[in-house]
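These notes are about the structure you will find just below.
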Amino acid sequence: MVNDPPILVALDVASAEEAVRLAKAVAPHVGGFKVGLGLLHGPGPGTVSALAALGKPVFADAKLHDIPSQVEAAATRLGRMGARWVTAHVSGGQEMLEAAVAGMTRGAGGPAGILGVTVLTSLDPAALAAVGITAAPGKLVSRMARVASRTGCEGLVCSPLELGVVATVAPELIKVVPGIRPDGGVDDQRRVSTPQDAIAHGADWLVIGRPITSAADPVAAAAAIATLVRGVRAPR
């Protein structure tokens with residue numbers, strides 16, 4: 001798949017109509033669209049179909065995490081809706097991820113895959129320790145990448161800080177990276193990077209929301225970020 005520019009704009013807006021309107025406006029400057037939990041649980045998964053009709057890949061960030069049969073059913077439905085990718089938490093285990101892959105394969109009418117969610121970019125070592133996880137984020141991502149690789153996932157969602165880990169242990173997986181901040185800010189995401197640095201360290205796709213959608217001129221913001229990352233080359 002051509003990912004030029006390698007930007008998936010996170011359409012975290014209030015309505016499906018607003019999402020489609022914004023997607024049409026920024027489409028010349030992005031490679032695809034992300035539909036998050038707000039839209040999936042509000043207007044519903046039909047938003048995926050509406051965006052897929054625009055001709056660019058749609059990333060349904062459903063973050064599936066349930067018993068295998070339920071995850072398989074959800075992945076099947078989202079595949080039928082036209083999602084190019086659907087996310088599922090790697091922490092759900094190998095059997096659950098295999099079910100997600102099977103469902104997506106059955107539901108999609110064309111190329112489609114599961115992206116394994118590793119450690120959320122909002123979590124740092126202190127936040128992980130507070131819920132009893134003492135391993136560092138990099139160690140967790142390394143383990144999760146190996147599991148995702150075994151289950152047939154197409155890629156991983158990881159923070160910019162773990163790109164090297166994923167490239168080392170599961171180089172065949174595409175790397176989809178949130179926590180992208182052109183100005184270096186962090187807001188509610190803690191493990192972040194600039195677009196240029198993420199691409200330079202091996203990101204295949206950048207998930208960018210508020211720096212585009214909350215800008216005074218979203219089209220100009222998307223165009224500026226696309227210009228930033230064009231010509232930046234990841235290590236081979």
ALA216 versus ASP197: modelled label distance in nm, points set 7 Å from Cα along the beta carbon direction: 2.7 nm
Applied in sequence order to the stretch 202-214, the curve 6.51 cos²θ - 1.76 cosθ + 1.60 (Karplus, θ = phi - 60°) yields integer Hz couplings, x standing for Gly and Pro, of x, 5, 8, 9, 10, 9, 10, x, 4, x, 9, 6, 9
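Sort SER193, SER159 by Cβ crowding within 10 Å, fewest neighbours at the top.
SER193, SER159
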Given contacts defined as C-alpha pairs under 8 Å and at least six residues apart, what's the relative contact order of the chain, whole-number percent? 18 percent
Rounded if a/c under 1.5, otherwise prolate or oblate - the stretch 83-222, Cα gyration tensor axes: oblate
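When a footprinting reagent is the concern and you count Cβ atoms within 10 Å, what order do ILE199, ILE174 take, fewest first?
Result, fewest neighbours first: ILE174, ILE199.
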Give the order of SER122, SER142 when sorted by the count of other beta carbons within 10 angstrom, beginning with the fewest. SER122, SER142
What ranking do 114-120, 36-42 get when scored by the average of other Cβ atoms within 10 Å per residue, highest first? 114-120, 36-42
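Counting Lys and Arg as +1 and Asp and Glu as -1, each charge on the Cβ, what is the dipole of the stretch 7-229 about the Cα centre in debye, to the nearest 20? Please list the in-between numbers first.
Working: 18 positive and 18 negative charges, 59 e Å.
In total the dipole reaches around 280 debye.
None of the figures in this text is laboratory data; all of them are computed from the coordinates on show. Only a predicted model underlies this, so the values are computations on that prediction, with no experimental measurement involved. Please note: Cβ atoms are built from the backbone with ideal geometry, for glycine as well, and neighbour counts cover all protein chains shown.
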